[in-house]
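*Asks:* Please read through the structure below; I'll follow up with questions.
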Amino acid sequence: QLQLVESGGGLVQPGGSLRLSCAASGSTLAYLSIGWFRQAPGKEREGVSCISIRDDMTSYVNSVKGRFTISRDNAKNTVYLQMNSLKPEDTGVYYCAAVPGPKLGCSDRYVYWGQGTQVTVSS
């Protein structure tokens, strides 16, 4: 059974950086598209960045374009989200999720979910 575990969250000042990791166990990520989602308190969950089976097939929500970078390392069975120039509006619980097959974008239904990691951007 596939399990996803997020790590790397924490408290950071505006303008700072964090790198989130999504480690998979029980199955390989090589045949899964992976998405990073976030949810702020009282707000709807939104897709932040998603990566398909192909490394060059990525997507980002407009608010993070140019600041966040998603990547995958199949040898380590891990997907990363590098977050630079963080803003208070980036605060929320970040989840990684997986869906079988080569998907593009974050619109498809993701069926495997991690437990999330808290990201707080505050002075």
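*Asks:* Give me the percent of accessible area attributable to carbon and sulfur for the range 1-95, probe 1.4 angstrom.
*Replies:* Details: 2250 of 4790 Å².
Answer for the range 1-95: carbon and sulfur cover 47 percent of the accessible area.
*Asks:* What does the net charge come to around LEU81 if you take all other residues with beta carbon closer than 12 Å to its beta carbon, with K and R at +1 and D and E at -1?
*Replies:* Counting the neighbours of LEU81, the net charge comes to +2.
*Asks:* When only Cα pairs under 8 Å and 6 or more residues apart are kept, what is the percent relative contact order across the range 1-96?
*Replies:* About 35 percent, as a whole number.
*Asks:* Next up: At 1.4 Å probe size, what's the solvent-accessible area of PHE37? Round to the nearest 10 Å².
*Replies:* Per-residue accessible area (PHE37): approximately 20 Å².
*Asks:* Still on this structure, please answer the following. Residues in the range 1-36 near a label at ASN84, defined as backbone nitrogen under 17 Å from the 7 Å Cα→Cβ point?
*Replies:* From the range 1-36, the list is 13-20.
*Asks:* With every protein chain kept in place and ligands, DNA and RNA left out, what is the accessible area per residue of the chain? Probe 1.4 Å, answer in Å².
*Replies:* So the chain comes to 52 Å² accessible per residue, rounded to a whole number.
*Asks:* Just to make sure I understand: if all protein chains stay in place, what is the order of MET57, MET83 by accessible area at 1.4 Å, largest first?
*Replies:* On the way: MET57 65, MET83 0 Å².
Putting MET57, MET83 in descending order of accessible area: MET57, MET83.
*Asks:* As a test of reading the structure, rank CYS106, CYS22 by solvent-accessible area (1.4 Å probe, protein chains only), most first.
*Replies:* CYS106, CYS22
*Asks:* Let me ask something else about it. Restrict the search to the range 1-87; then list the trypsin sites (Lys or Arg not before Pro) that DSSP places in a loop and that have at most 16 other Cβ atoms within 10 Å of their Cβ.
*Replies:* LYS43, ARG45, ARG54, LYS65, ARG67, LYS76
*Asks:* With a ≥ b ≥ c taken as the square roots of the eigenvalues of the C-alpha gyration tensor of the range 38-123, please select rounded if a/c is under 1.5 and otherwise prolate if a/b is larger than b/c or oblate if it is not?
*Replies:* Here the range 38-123 falls in the prolate category.
*Asks:* Moving on to the next point. To the nearest 10 square angstrom, how much accessible area does SER25 have with a 1.4 angstrom probe?
*Replies:* Rounded to the nearest 10, the figure is 50 Å².
*Asks:* With label points built 7 Å along Cα→Cβ from the Cα atoms of GLN118 and ASN74, find their separation and express it in nm.
*Replies:* For the pair GLN118/ASN74, the computed spacing is 3.6 nm.
The values are calculated or read from the model by the stated rules, or taken from the named source; none is laboratory data. Just so you know, these numbers come straight off a predicted model, no measurement behind them. Note: ideal-geometry Cβ built from the backbone for every residue, glycine included; neighbour counts use all protein chains shown. These area figures cover heavy atoms from the full protein model, side chains too; ligands, DNA and RNA do not enter into them. Shrake-Rupley method; radii C 1.70, N 1.55, O 1.52, S 1.80 Å.
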